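To start, the structure itself, in structure tokens.
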Amino acid sequence: MFGDQFADGLYAWLLLAIPLGAGYVWWRRHRLITDLRFSSLRALSAGPRSLRERLVRVPLALRMLAVAALIIALARPQNVSSRENVNTEGIDIVLVLDISGSMLAEDFSPNRLVAAKQVAGEFIEGRSNDRIGLVVFSGESFTQCPLTTDYGVLQGLLAEIKNGMIEDGTAIGLALANGVGRLKDSQAKSKVMILLTDGVNNRGEIDPVTAARLAATFGIKVYTVGVGAQGMAPFPQQTPFGIRRVLQPVDLDEKTLRSIATMTGGSYYRATDNRALRAIYREIDQLERTKIEVTAYKRVSDLFGNWLWLGAALLLLEILLSGTLLRKIP
């Protein structure tokens with residue numbers, strides 16, 4: 001009845017004047033009462049009250065209600081109905097993760113593989129409306145999770161990744177080709193791979209540059225991330241006396257990773273610690289955002305007409321009663 005909003009809400013504050021006006025009228029009438037002294041009012045109180053006596057205050061009440069209705073009409077109550085059409089342009093993303101033995105190096109905390117899994121999980125958490133898949137590789141490559149929007153399942157499969165699942169080595173070209181196989185038939189407007197590795201291609205039948213050309217043919221953009229500290233890094237080694245850390249040179253083929261990114265329209269990033277790796281994924285996350293178009297429809301219906309007619313009817317009723325049944329004797 002009052003609608004969802006007032007178009008001119010300031011006028012609604014005038015409603016506060018109605019009880020003040022009613023109080024003033026009561027006070028003024030009370031002052032005009034003349035005292036008459038009787039020995040007893042018992043006879044008057046015992047007599048029946050006439051209809052006119054019972055309705056004596058009705059005209060004032062009608063007038064106050066009419067003024068209230070007209071004030072509400074002046075404030076213009078409105079009903080608002082709205083609707084939104086949301087159009088999303090999803091992105092298909094494949095995360096390609098190196099799980100070779102060198103990913104156990106501890107220049108990241110606690111090591112490269114765990115750090116890479118953590119930032120990949122955070123990346124997945126920040127996405128919506130996108131299909132994401134997961135490819136892992138070392139000496140060979142396989143799909144850990146196909147493209148999916150079930151991020152809970154994807155996170156569970158990501159957590160299960162560990163070194164030693166497949167033969168050791170670094171088959172970057174094979175991993176890229178595997179990712180291309182997952183994305184080549186995609187109908188998404190944007191197809192992206194994020195390749196993370198810490199080594200040099202030394203296994204597999206497919207050269208990384210050849211796989212990059214294949215990705216470019218299918219319109220797949222590849223972001224490459226090289227991980228590893230500058231210079232030397234501590235690698236854990238099993239000895240008869242337990243695990244000990246041995247410093248070894250970081251062997252990362254940045255030239256090839258740059259070429260892959262350039263050929264496919266992506267970018268190459270170098271991460272030397274956990275903070276840098278997290279910043280890289282955040283930057284990629286901002287570069288590859290799903291486009292969401294929202295078309296809003298808003299319909300406003302005025303309700304002031306009903307209140308205007310109500311106020312007029314109450315005023316007319318008050319005038320009729322005051323001029324007939326409740327007419328004052330001059």
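Can you give me the convex hull volume of the Cα atoms of the range 91-289, divided per residue and expressed in Å³?
105
Between Gln155 and Leu321, what length comes free when the chain is fully extended (0.36 nm per residue of separation minus the Cα-Cα distance, one decimal in nm)? Don't skip to the answer; put the middle values down first.
Numbers: separation 166, 0.36 × 166 = 59.76 nm, distance 7.72 nm.
Roughly 52.0 nm would be gained on extension.
For each of Trp26, Trp307, count neighbouring Cβ atoms within 10 Å of the residue's Cβ, then give the residues from fewest to most.
Values: Trp26 12, Trp307 22.
Final ranking by Cβ density, sparse to dense: Trp26, Trp307.
Got a sec? How would Ile243, Ile319, Ile91 order by Cβ neighbour count within 10 Å, fewest to most?
Ile243, Ile319, Ile91
What is the fewest-to-most order of Arg182, Arg112 by other Cβ atoms lying within 10 Å of their Cβ?
Sorted ascending by nearby Cβ count, the order is Arg182, Arg112.
All of the numbers you see were taken from the coordinates with simple rules; none came from a lab. Remember, it's a predicted structure, so these values are computed and weren't measured experimentally. Virtual Cβ from ideal backbone geometry, glycine too; neighbours counted across all protein chains shown.
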